[in-house]
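Data block below; observations after.
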Amino acid sequence: MRFPEGIRATAEWQGGVISRRQLLAAGFSRDAIAERLERGYWQQLHRGVYALFTGQPNREAWLWAAVLRAGPGAALSYQTAAELHGFSTRPTRAVHVTIPSTRRIEAPGLIVHISGRIATATQANREPPRTNVEETVLDLTQSAQTIDDVCGWITSACGKRLTTEEKLRVAVSERKKMRWRTELDDILAAAGDGIHSPLEFRYLRDVERAHGLPESRHQVRVVIDGVSAYRDAYYQQYRVVVELDGKLAHTDEERHRDNHRDVVSSAEGIQTCRYVWRDVYGRPCETAIWQARVLRSRGWQGLPRQCSPGCPVAEAFAATAAA
């Protein structure tokens, strides 16, 4: 039989994918569907969901197939929604989809979540359907294994200007149950101040604030040779920059760029301090000691404080405090 009017347009809109429900509603017979599958004109992606083409389905087709398999009211969510919104660059093999709490499905290849508020959590006018940025971020924080993962999702979305501290706080207020609620409050405040990564948050919390160092500004824009760059932390009064590096390895081009920035800053009277992951995570107290010494050499009159009884900061500055 010929395609009923409009069904091809629907399939094209849905990445070349159509559901059995849609075909039957449009007047397609069960025998006609079976014939096209048997002859290889179509292929089944999920039970009751078909690609109206041969060949390997692309990512869009698989995402539409997931939504159609999940049924009415479903939306892509969690890591899959983060992929679509652009704050996750690592697509997961399995597709995450959230369905209304009024029903259940079994769908091999999909990770199915249940929500009583998926209707309000779904972003308007976006296809295929997906949870909005704020709901996606909070969903991911609730499934996170560590506080660094929580921080990573929040700072990634805020750093890409996809959402704001204020919007996320509104979304948090609409949820009755939340893991990490106290930590979320701190991370949201830091993200609002310009923190763009878990490493930056750790530096702010475990090095700077925990040891009473002066307050820095975050993601400060500078222009070097006509090109905009952003400093992770900047102690403006003392003209000291902190750059935080979570990478395990660098290309020659990246090392050259970083060295060039440091030379330009030095020529302008700005000192650059570079710390890597192990400095901030493994030795925050020792890093605070070195940072305090740099700041004092640039005019800071204060002294760092111990973050805990075993913190070596007090001993390191005992002679200075006595004087």
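The values are calculated or read from the model by the stated rules, or taken from the named source; none is laboratory data. Computed from a prediction, not measured in an experiment: that's the story for all the values here. Quick reminder, even Gly has a Cβ in these numbers, built from the backbone with ideal geometry, and neighbours come from all protein chains shown. Note: accessible area is taken over every heavy atom of the protein model, side chains too, but ligands, DNA and RNA are not part of it. Shrake-Rupley method; radii C 1.70, N 1.55, O 1.52, S 1.80 Å.
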Exercise for the section: Quick one: dipole size for region 1-151, taken about the Cα centre, charges +1 on Lys/Arg Cβ and -1 on Asp/Glu Cβ, in debye to the nearest 20. Expected result: 500
Exercise for the section: Rounded to the nearest 10 degrees, what's the angle between the helix 252-267 long axis and the longest principal axis of the chain, both from Cα atoms, 0 to 90? Expected result: 40
Completion exercise
Quick tally, 1.4 Å probe accessible area for Arg93, Arg181, sorted with the most first, runs Arg93, Arg181
Handout entry: region 72-129: C-alpha gyration tensor shape, a/c 1.5 cut-off, then a/b vs b/c
Key = oblate
Exercise for the section: Would you check the accessible area of Ile111, probe 1.4 Å, heavy atoms only, in square angstrom rounded to 10? Expected result: 70
Handout entry: Highest-fluctuation residue, Val170, Val95, Val294 considered, GNM on the chain with Cα pairs under 10 Å
Key = Val170
Exercise for the section: Only one of the values [x] 143; [y] 126; [z] 179 was calculated from this structure for volume of the Cα convex hull per residue in Å³; name its label. Expected result: [z]
Handout entry: Shape call, region 83-184: gyration tensor on alpha carbons, a/c limit 1.5
Key = rounded
Practice task
Provide the solvent-accessible area of Trp62, counting protein heavy atoms only and rolling a 1.4 Å probe, rounded to the nearest 10 Å².
Solution key: 80
Practice task
Round to the nearest 10 and report in Å² the accessible area of Asp148, as given by a 1.4 Å probe over the protein chains' heavy atoms.
Solution key: 30
Practice task
Read phi for every residue in region 192-198 and hand back ³J(HN,Hα) as whole Hz from Karplus 6.51 cos²θ - 1.76 cosθ + 1.60, θ = phi - 60°, with x for Gly and Pro.
Solution key: x, 8, x, 5, 10, 7, x
Problem - Nearest-ten-degree value, helix 59-70 long axis tilted from longest Cα axis of the chain - result: 70
Handout entry: Of Arg69, Arg209, Arg261, the one that fluctuates the most in a GNM where the chain has Cα springs shorter than 10 Å
Key = Arg261
Fill in the blank from the handout: Of Thr164, Thr182, Thr136, the most mobile residue in a GNM of the chain (C-alpha springs, cutoff 10 Å) is Thr182
Completion exercise
So for region 157-207, using the alpha carbon gyration tensor with a ≥ b ≥ c as root eigenvalues (a/c under 1.5 gives rounded; past that, a/b versus b/c decides prolate or oblate), I'd call it oblate
Handout entry: Helix-only CD estimate at 222 nm, as mean residue ellipticity for the chain, using -39500 (n - 2.57) per DSSP H run (n ≥ 4)
Key = -12000 deg cm²/dmol
Exercise for the section: Set the Förster radius R0 to 30 Å, insert the Cβ-Cβ distance between Arg217 and Val276 as r into 1/(1 + (r/R0)^6), and round the FRET efficiency to 0.05. Expected result: 0.90
